[in-house]
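Everything below concerns the one structure shown next.
The values are calculated or read from the model by the stated rules, or taken from the named source; none is laboratory data. Only a predicted model underlies this, so the values are computations on that prediction, with no experimental measurement involved. Quick reminder, even Gly has a Cβ in these numbers, built from the backbone with ideal geometry, and neighbours come from all protein chains shown.
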Amino acid sequence: MTTMAAATLLSACAADPAQTAALERTLAASPSATRALEKWCAARGIADHPVVLARRLKGEAGPEPADLRRRLAVSADAPLGYRHVELLCGDRVLSVAHNWYRRELLTAQMNTVLDTSDTPFGKVAGPLGFTRETIDSRRGEEPGCPPGTVLSQIALLRLPGGQPLALVTECYTRAAIAR
C-alpha cells in the first residue's frame, strides 16, 4: 500500500463516527483504559498477542492542567508522579497519555515499576481496585494531544474509598479505530 493510500485509509477511519463511538463505549465500560484497550485489541484482531504496553516518551512533563491539584486533592507543593506514554498493541499506537498520579498512594514496588518499565499504569495500580470517572470526552484533540487524535478523554481515577489517585489525559489515535 502506498503512503498516500495508507493516509487516505487512516483519514477515512478517523472520520468514522461509528468506530469512534464504539471505542468510547468500550472505554466507558471499564475502570481501566488499559483493560479496555486490550479488549478492543483482541476483539479487532489488532495484534497476534493483544497485550497493551506503555512506551515511555522522553522529554519534559506536559503542562499541568489548571485544576490538577484540586482534582487530586493535594497541595500546590505536593510531589506528583508523571508519565507521558504511548499505549501500543502490537506495533500500533492506540493512544498517547499524560498521567499525573499521587505516588504516596502507591506501594514502593508500584512506584519502582512505573519509574523503570513499560508496564501501563492501569496494570501496575490495578490491584488497588481503582475506578475511572470520565470528566470529559470529545471527538478530536484536547490540549496536549498530538495532531490526528480522533477521541480525547480526561479521566480521574479513584480508590475504592473515593480518594483521587490519578488524573489522565488520553489521546486516542486514528490507528485505534483503523480496521
Subject >> Near pairs, Cβ below 8 angstrom, 6+ apart or cross-chain, from the range 135-152 (of a type in the set (Lys, Arg)) to any residue that is outside any loop (DSSP other than H, G, I, E, B) and modelled with pLDDT under 90 >> reply: 139/17
Subject >> From the options 114, 165, 156, residue that is surrounded by 16 or more Cβ atoms within 10 Å (Cβ to Cβ), modelled with pLDDT of 95 or more and farther than 22 Å from residue 67 by Cβ >> reply: 114
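Would you pick out the residues in the range 87-120 that are under 21 Å from residue 159 (Cβ atoms), in a strand (DSSP E or B) and within 12 Å of the chain's Cα centre (by Cα)? Lay out the reasoning, then the answer.
Applying the first criterion (under 21 Å from residue 159 (Cβ atoms)) to the range 87-120 yields 97-115, 119-120.
After this cut, where a residue has to be in a strand (DSSP E or B) as well, the list is 97-101.
Matches in the range 87-120: 97, 98, 99, 100.
Restricting attention to the range 69-78, does a residue exist that is assigned to a helix (DSSP H, G or I) and surrounded by fewer than 16 Cβ atoms within 10 Å (Cβ to Cβ)?
Looking only at the range 69-78, we keep the residues that are assigned to a helix (DSSP H, G or I), and these are 69-72.
Applying the additional criterion that residues be surrounded by fewer than 16 Cβ atoms within 10 Å (Cβ to Cβ) yields 70.
Within the range 69-78 (the criterion being assigned to a helix (DSSP H, G or I) and surrounded by fewer than 16 Cβ atoms within 10 Å (Cβ to Cβ)), the answer is yes, since at least one residue qualifies.
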**OP:** Consider only pairs whose beta carbons are under 6 Å apart and that are at least six residues apart or on different chains; among these, list those whose first residue lies in the range 89-104 and is in contact (Cβ under 8 Å) with a residue 60 or more places away in the chain and whose second residue is assigned to a loop (DSSP other than H, G, I, E, B) and of a type in the set (Val, Ile, Thr).
**Re:** 92/46; 93/173
Subject >> Hits in the range 121-142 (condition: out of contact with any Gly (no Cβ under 9 Å at 6 or more places or on another chain), assigned to a loop (DSSP other than H, G, I, E, B) and modelled with pLDDT under 95) >> reply: 140, 142
Original post:
Can you tell me which residues in the range 42-57 are surrounded by fewer than 16 Cβ atoms within 10 Å (Cβ to Cβ) and not in a loop (DSSP other than H, G, I, E, B)?
Top reply: 42, 43, 55, 56
